[in-house]
Amino acid sequence: MAIDKLNNNPTIGYIEGDGIGAEITMQALKVFDAAVAKAYDGEKKVDWLALLAGEQAFEKVGEYLPEETLAAIRKHKIAIKGPLGTPVGKGFRSVNVALRQQLDLYACVRPVAYFAGIHAPVKQPEAVDMTIFRENTEDIYAGIEFAAGTDEVMKLVGILAEDFGVDKIRFPETSAIGVKPVSVEGTKRLVRAAMAYAVAQGKKRVTLVHKGNIMKFTEGGFRQWGYEVAAEYDAFTNEMYDHIKSVGGKQAAENALERALAAGRIYVDDVIADNFLQQILLNPERFDVVATLNLNGDYISDALAAQVGGIGIAPGANINYDTGHAVFEATHGTAPDIVGMNLANPSSFILSGVMMFDYIGWSEVAVLIKAALAKTLAAGELTTDLGGILGTDAFTDAIITNL
Ligand code: NAI
């Protein structure tokens, strides 16, 4: 557990964020405080600690990610943040990525479920109820890339050709090159987090999503090491299912699966990423918990969020389950087109708060906030991005009234 459950006054850092960040963050904190007061009647209270990051930090202290912010999160373990603008050409690829790397927040956790009242582009958005565990520190996102035409890339092309006999680079003179590290440890800690979550939440199925059919050693490694973790948990796998089916027929396999699930075992299978993107549209009810690599996870999270009605409401968390460090975040950007107009939807931030309260063991607060938000949305009290007429503050007030 990240925070001592007996601590009734935890300090939690918050980063307002850039653009609409200031508008949604302060409104969301109002909802959090009201829900905590309602749940615990003054017995517990969060001490919010303002932390700087992003453009706001650069303007105030000349740095995008001040050491003080990192030190505070290291110390207090938990923080929640609004969106951060990406600095252009200032040495940082992204403050978000830097934050994840500095604190080794290896699991990007994105629950995706439908809320009644929200317009979704598919016929049965309520069939989607999944939690994505996206690996956050490796893959092609590690940031090891060399631009076309540079000395570095020419040297790399030379080494690949001379030392490794690589002749598959179609245009060696003009290629940029990226490196895709995927490790045993990086995969296993992510898949363990997904398995532990499935066990804790009483979920039945964990699906490993990969492109191991093409990238045999990186994505294929993820698949193999993922199944090794499944074995640690005595999971019932699709390989076992297929074996029983080949020997005793489909009904025998179904019976074995049913018995395994009844005994509390988790079903672990794997799906190729492109097929998975079809399956979430065709059969979304089949999936519970998904463990995947960084790039696949990026695409899948946004596709699923869109499927249930948009990224304006999708929450997220970046967690290191070993150290307990966790940064919860609104998943959308800074929405420069609506800054200062009181149009921003704070739901993504608020639902990230729900994840945060669950994480620190204050589940009463999480339940209250989620129910109040669901009630507000179902009543058609919506912000303009969801087709309603409420401003950020009126929407927040409606949620607080519904607590
Ligand atoms: P964006 O998410 O900021 O905006 C896309 C569209 O969605 C815009 O029309 C915007 O008005 C709308 N929108 C987003 N959040 C909304 C909300 N809460 N309520 C109502 N409408 C909302 O994406 P964009 O324009 O690609 O990025 C803008 C900036 O945000 C960039 O600097 C980008 O790097 C940064 N960004 C930061 C993220 C983070 O900190 N987690 C994630 C994505 C982008």
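Just the residues that are part of a helix (DSSP H, G or I) and closer than 30 Å to Gly186 by Cα, please, taken from segment 237-255.
Across segment 237-255, the qualifying residues are Asn238, Glu239, Met240, Tyr241, Asp242, His243.
So, Val46, is that one within 18 Å of Asp358 (Cβ to Cβ), modelled with pLDDT of 95 or more, within 16 Å of the ligand (Cβ to nearest atom) and among the β-branched types (Val, Ile, Thr) or not?
no
Consider only pairs whose beta carbons are under 7 Å apart and that are at least six residues apart or on different chains; among these, list those whose first residue lies in segment 13-40 and is within 16 Å of Ser347 (Cβ to Cβ) and whose second residue is basic (Lys, Arg) and buried (at least 24 other Cβ atoms within 10 Å of the Cβ).
Between residues of segment 13-40 that are within 16 Å of Ser347 (Cβ to Cβ) and residues that are basic (Lys, Arg) and buried (at least 24 other Cβ atoms within 10 Å of the Cβ), the close pairs are Gly17/Lys81.
Within segment 365-380, is even one residue away from the ligand (no atom under 15 Å from the Cβ), charged (D, E, K, R) and more than 27 Å from Pro121 (Cα to Cα)?
no
In the list Gly82, Gly117, Gly54, which residue meets the criterion of being more than 25 Å from Glu138 (Cβ to Cβ), buried (at least 18 other Cβ atoms within 10 Å of the Cβ) and within 13 Å of the ligand (Cβ to nearest atom)?
Exactly one of Gly82, Gly117, Gly54 is more than 25 Å from Glu138 (Cβ to Cβ), buried (at least 18 other Cβ atoms within 10 Å of the Cβ) and within 13 Å of the ligand (Cβ to nearest atom), namely Gly82.
Do you know which residues across segment 284-341 are charged (D, E, K, R) and either surrounded by fewer than 17 Cβ atoms within 10 Å (Cβ to Cβ) or within 12 Å of the ligand (Cβ to nearest atom) (or both)?
Matches in segment 284-341: Glu285, Arg286, Asp298, Asp302, Asp322, Glu329, Asp337.
If you take the residues of segment 374-403 that are in a helix (DSSP H, G or I) and among the polar types (S, T, N, Q), which of them is surrounded by the fewest Cβ atoms within 10 Å (Cβ to Cβ)?
Thr401
Taking segment 207-236 on its own, how many of its residues are polar (S, T, N, Q), surrounded by fewer than 19 Cβ atoms within 10 Å (Cβ to Cβ) and not in a helix (DSSP H, G or I)?
1
The values are calculated or read from the model by the stated rules, or taken from the named source; none is laboratory data. In this text, all values refer to a predicted model and were calculated from it rather than measured experimentally. Ideal geometry is used to build each Cβ from the backbone, glycine not excepted, and the neighbour counts take in all protein chains shown.
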